[in-house]
1. Just one of the numbered conditions (1) in a loop (DSSP other than H, G, I, E, B); (2) under 21 Å from Ser113 (Cα atoms) is not true of Asp48; which one?
2. Could you tell me whether segment 44-65 includes any residue that is among the β-branched types (Val, Ile, Thr) and modelled with pLDDT under 90?
3. Just give me the residues in segment 78-121 being part of a strand (DSSP E or B), among the hydroxyl-bearing types (Ser, Thr, Tyr) and at pLDDT 75 or above, in sequence order.
4. From (1) modelled with pLDDT of 95 or more; (2) surrounded by fewer than 18 Cβ atoms within 10 Å (Cβ to Cβ); (3) not in a helix (DSSP H, G or I), pick out the condition that doesn't hold for Ile18.
5. How many residues does segment 1-15 hold that are assigned to a loop (DSSP other than H, G, I, E, B) and either among the β-branched types (Val, Ile, Thr) or over 13 Å from Asp67 (Cβ atoms) (or both)?
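The values are calculated or read from the model by the stated rules, or taken from the named source; none is laboratory data. These figures come from a predicted structure and were not determined experimentally. All Cβ positions, glycine included, derive from the backbone under ideal geometry; neighbour counts span all protein chains shown.
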Amino acid sequence: MSYVDEDYYKNEYGGNIISDKEIKQKLNKASDQIDSLTYNRIVAIGFDNLTEFQNDKIKKAICYHADFVAQYGEYLDTPLSGYSAGDISLSFTPQQGGGNVKTSDEVTNLLRSTGLTSRRL
């Protein structure tokens, strides 16, 4: 189950990368991966028991992560992190967090601000 619905993704977040056909599945997967990145603390505490600030940051993180996976998903599981041809060099190193979930800096920064990603909790 996703912490974000299609209406939030389209209207509050302003998302338009994910198609209507895939949106529910992508948001569910992103929510599951955000749970992994937060060491399942959202599940343990309960989404509705978090602060309004935490809820807002988590919803945004889910949308950013769903967009990130939709755009770069095929590259996330490749064994290569870089490519060079002559003078041109390209490297792709996404952030990696709990559960080996690969995501963007934007997502990790949003989640870090909630206090739910610290291993010390």
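1. (1)
2. no
3. Within segment 78-121, Thr103 is the sole residue that qualifies.
4. Every condition holds for Ile18 apart from (2).
5. Matching residues across segment 1-15 total 5.
Table: residues versus (1) hydroxyl-bearing (Ser, Thr, Tyr); (2) more than 14 Å from the chain's Cα centre (by Cα); (3) surrounded by 13 or more Cβ atoms within 10 Å (Cβ to Cβ).
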position: Ser2; (1), (2), (3): yes, no, yes
position: Tyr9; (1), (2), (3): yes, no, yes
position: Glu12; (1), (2), (3): no, yes, yes
position: Gln33; (1), (2), (3): no, no, yes
position: Asp48; (1), (2), (3): no, yes, no
position: Lys59; (1), (2), (3): no, no, yes
position: His65; (1), (2), (3): no, no, yes
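Yes or no, residue by residue, for (1) touching a residue at least 24 places away in the same chain (Cβ under 8 Å); (2) part of a helix (DSSP H, G or I); (3) in contact with a Gly (Cβ under 6 Å, 6 or more places away or on another chain):
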{"position": "Ser36", "(1), (2), (3)": "yes, yes, yes"}
{"position": "Ile42", "(1), (2), (3)": "yes, yes, no"}
{"position": "Gln54", "(1), (2), (3)": "yes, yes, no"}
{"position": "Lys57", "(1), (2), (3)": "yes, yes, no"}
{"position": "Ile62", "(1), (2), (3)": "yes, yes, no"}
{"position": "Ala66", "(1), (2), (3)": "yes, yes, no"}
{"position": "Gly73", "(1), (2), (3)": "no, yes, no"}
